[in-house]
Each structure stands twice: as structure tokens, then as C-alpha cells.
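For reference, the structure is listed below as C-alpha cells.
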Amino acid sequence: MQYIVTGGAGYIGGHLTDRLVSEGNEVMVLDDLSSGKYENSGSRLVKVNLIDSDATGRLQLPRKATFVHLAADPNVRSSMDNVVDHFDRDVTATLNTLELARRSDAKSFLFTSSSVVYGDAKKMPTPETYQLKPISNYGIFKMMSEELVEYYSRTYGIKSTSLRLANITGGRATHGIVPDFINKLRKDQKSLEILGDGKQRKSYVYMTDLIDAIMLVISRQSSGYRVLNVGNSDSVSVNEMAGIISGEMGLKPKYVYRNEFGGRGWKGDVKVMLLDTKMIQKLGWKPSVSSSEAVRKAASDLLDSGKPQLRH
Ligand SMILES: NC(=O)c1ccc[n+]([C@@H]2O[C@H](COP(=O)([O-])OP(=O)(O)OC[C@H]3O[C@@H](n4cnc5c(N)ncnc54)[C@H](O)[C@@H]3O)[C@@H](O)[C@H]2O)c1
């Protein structure tokens with residue numbers, strides 16, 4: 001099958017491209033290499049900034065490809081300051097990618113949205129039908145992108161899905177708490193700085209489980225548009241993560257809290273996140289490891305690979 005993976009040089013996109021290539025698919029990666037640098041030699045990498053509609057307009061794409069749109073800037077914290085840049089990377093890039101899909105008569109379109117669209121949800125676990133009240137610019141931009149995907153699907157008949165992802169972790173992570181804690185502990189083994197009160201509690205999915213979910217959803221794309229949560233049935237707190245990661249490194253650091261945003265790690269950080277995943281489970285997906293095991297495995301993967309590199 002023919003795939004177009006935007007953001008395929010990034011963290012999730014690289015793992016997805018590996019899986020697609022290993023299963024014998026043809027993969028064209030569209031990425032501006034602004035943050036992702038990964039390249040699978042079995043795929044075709046086209047360097048393009050998806051914000052630039054002149055550049056995307058010149059692209060020659062295969063017809064009837066399956067699109068997976070991952071390109072974005074996923075950093076909640078920086079979205080609160082670099083608003084216009086985030087709007088472009090998170091929304092304009094989505095519109096231009098949808099245009100590519102429409103013009104090339106895409107077979108289907110999968111968009112990676114985020115659990116952050118719910119904001120501080122009161123209902124836990126949070127179902128797909130719950131109200132969307134994002135509390136970060138990244139969140140509102142994901143919500144706007146979902147609307148664009150739904151509109152294109154309804155108007156141009158493109159089979160589409162938005163996946164609202166919980167936190168994803170695993171080998172080659174370049175951003176998120178796991179590589180952040182490992183890098184901090186490598187610099188200072190005696191103390192660990194924790195942003196917020198450490199009681200933030202979220203659901204984590206191990207990378208291979210996420211890739212299984214994406215592959216399943218692509219194989220079951222039906223006509224129309226749908227939204228699916230992808231998360232674990234349990235959650236793990238930041239304090240628990242600190243314990244798991246220190247333990248993997250054989251350390252017992254003292255925790256030093258930088259609690260400047262009422263317990264949140266940063267402005268726009270959602271404190272508690274747990275998604276209702278009955279809908280994707282009905283399709284046949286279930287994560288193979290819990291949230292805390294996903295964190296432990298990710299720490300182990302990163303430590304085995306020698307040097308987790310932190311981007312943000
Ligand atoms: N990692 C997570 O925990 C998580 C959770 C929820 C949702 N998501 C979503 O999943 C997707 C992938 O996330 P990730 O963690 O792999 O992020 P990432 O930053 O590692 O990958 C994003 C990729 O997009 C590329 N890119 C950014 N702007 C671009 C542009 N204008 N044109 C072309 N390429 C561009 C980057 O170079 C990078 O390779 C994102 O849409 C993100 O919002 C991720």
C-alpha cells in the first residue's frame with residue numbers, strides 16, 4: 001500500500017514509518033526536519049515545510065494514498081508564547097495537508113490529535129463525546145485541526161479519523177518527562193527537579209502499542225469521520241515516574257519541586273488525564289502494558305540506547 005506520512009522524521013512518525021516499511025508498504029515522508037531527523041532508508045523523504053502552500057502545491061504525490069498526518073509542534077509549554085508559529089505548524093500545516101489529500105484523491109486520512117483538547121475534564125475517564133475546553137494554545141489548535149479534518153471528510157468524502165492520543169513514550173523519545181528526567185539525573189545524581197507538585201497524573205501508552213492502534217485504525221477506516229481516544233486504562237503520577245526512572249538508573253535522588261503554576265508543570269499543563277477507550281477497544285485494540293510499565297520500558301530503552309537527546 002502507498003502511504004504519505006507527514007512528520008515521518010519525528011518521534012512517532014519514525015516508529016510508524018519503520019513499521020510500514022517493514023510490512024512492505026511504500027512510504028513517502030513529508031517533513032521539514034525542523035525537529036525530527038530520523039530517516040528509514042526504505043522510505044522516501046521529501047523535505048518540505050507544510051506551512052508553505054506554494055511548496056506543497058508543487059509536490060507530485062501518488063494518487064489514492066493513505067495519509068497519516070503527524071507533523072506539528074507538540075510542545076504545550078512553548079505554544080503559550082510562540083503562538084503564531086504554533087498556529088502555523090499545528091493548523092496551517094493541517095489545512096495544507098488536507099489539500100494534498102483532496103487533490104491526490106487520498107484513500108483515507110488519519111490525524112493525530114491529543115487528549116489536551118479536553119482541557120481540565122471533570123469526567124474521568126473522559127469519553128470522546130465529552131465537551132472540548134482546551135487550556136493551552138496547542139490544545140485549541142489541535143481542536144481546530146480536528147474541525148478541519150471533519151469538514152474535509154464531510155465535504156470531499158475523505159474517510160478520516162482523528163486519534164486523541166494520551167502521552168506516548170518509548171525508545172528514541174526526544175521530548176517528554178522520561179528523557180527529561182534521565183538527562184537531569186545524568187547531570188546531577190543527588191537531586192531531581194520536578195516541575196509542578198509531582199501529583200499530576202496522566203495515562204501513558206508505550207510506542208509499539210500506539211503503532212498497533214494506528215495500524216488497526218487504518219485497516220478499519222470506514223466512510224465518514226470518527227474520533228477515537230487512544231490511552232491506557234490506568235495512569236501514573238509524576239512522582240511515581242520519578243521513582244520508576246530513578247530506580248531504573250539505580251539512584252535515589254532528593255526531589256526538588258518547582259511549583260509555580262498551582263501544581264501544574266507549566267502554564268497550559270493539564271493536571272489529570274485519563275481517557276475512556278471503550279470505542280477503540282471495540283475495534284480490537286488493547287495496550288499490552290500499563291502506564292507505569294510503559295514509563296519503565298521507555299526509561300530502559302533510552303538508557304540502553306546510551307544517550308537520550310532532549311529537544312525542548
Ligand atoms: N508524543 C506524544 O506524547 C503525543 C501525544 C499526543 C499527540 N501527539 C501528536 O502526535 C504527532 C507526532 O508527535 P511527535 O511526538 O512524534 O512529535 P515530533 O516533534 O517528534 O514530530 C513532529 C515532526 O513534524 C515535523 N514538522 C513540524 N512542523 C513541520 C512543518 N511545518 N512541515 C513539515 N514537517 C514539520 C518535525 O520536523 C518532526 O519530524 C503530533 O501531531 C503531536 O501533536 C503526540
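Where a number appears in this text, it was derived from the coordinates with a stated rule and is not lab data. If you're wondering where the values come from, they're calculated on a predicted model, not measured in any experiment. Cβ: placed from backbone, ideal geometry, glycine included. Neighbour counts: every protein chain shown.
Among the listed pairs Lys37/Lys202; Lys47/Lys159; Lys123/Lys202, those with a Cα-Cα distance over 18 Å are Lys37/Lys202; Lys47/Lys159. Across region 1-132 the C-alpha pair distances fall into 10 Å bins from zero in the proportions 12, 40, 32, 14, 1 percent.
Each peptide in 270-282, 146-158, 196-208, 247-259 receives the mean, over its residues, of other Cβ atoms within 10 Å, and ordering these scores from highest gives 196-208, 270-282, 146-158, 247-259.
Dividing the radius of gyration of the alpha carbons in region 160-218 by their Kirkwood radius gives 1.08 for Rg/Rh. Relative contact order, whole percent, for the chain stands at 19, derived from Cα pairs under 8 Å and 6 or more residues apart.
Rounded to the nearest 20, the Cβ-based charge dipole of region 92-173 about its Cα centre (Lys and Arg +1, Asp and Glu -1) stands at 140 debye. Projecting the Cα atoms of Val5, Leu70, Gly36 onto the charge dipole of region 1-82 (Cβ charges, centred on the Cα centre) puts Val5 farthest toward the positive pole. Charge dipole of the chain (Cα centre as origin; +1 on each Lys and Arg Cβ, -1 on each Asp and Glu Cβ, all else neutral): 480 debye, rounded to the nearest 20.
Close amide-amide hydrogen proximity is noted between Tyr255 and Leu192, each under 5 Å apart and 5 or more residues distant or on a separate chain (H modeled in the peptide plane; Pro and chain starts excluded). At an R0 of 25 angstrom, the distance between the Cβ atoms of Ser222 and Met124 translates into a FRET efficiency of 0.30.
Amide H contacts under 5 Å for Val272: Arg201, restricted to partners 5 or more places along the chain or on a different chain, H placed in the peptide plane at 1.01 Å from N. Under the convention that each Lys and Arg Cβ holds +1 and each Asp and Glu Cβ holds -1, the size of the dipole of region 44-116 around its Cα centre is about 540 debye. Among the listed pairs Lys122/Lys254; Lys187/Lys252; Lys122/Lys184, those with a Cα-Cα distance over 21 Å are Lys122/Lys254; Lys122/Lys184. The 3J(HN,Hα) values that the Karplus relation (6.51, -1.76, 1.60; θ = phi - 60°) gives for region 39-54 are, in residue order, 9, 8, 5, x, 10, 10, 9, 10, 7, 8, 8, 6, 6, 8, 5, 5 Hz. Gly and Pro appear as x. For Ser136, the amide hydrogen comes within under 5 Å of no other amide hydrogen, counting only partners 5 or more places away or on other chains and with H modelled in the peptide plane. The aspartates and glutamates whose alpha-carbon is closer than 14 Å to the alpha-carbon of Lys286, local same-chain residues fewer than 8 away aside, are Asp209, Asp212, Asp234, Asp276. The stretch between Glu39 and Ser288 holds 86.9 nm of extra length on full extension. This uses 0.36 nm per residue minus the Cα-Cα distance. Length gained on full extension, Lys252 to Lys64, computed as 0.36 nm times the residue gap minus the Cα-Cα distance: 62.3 nm.
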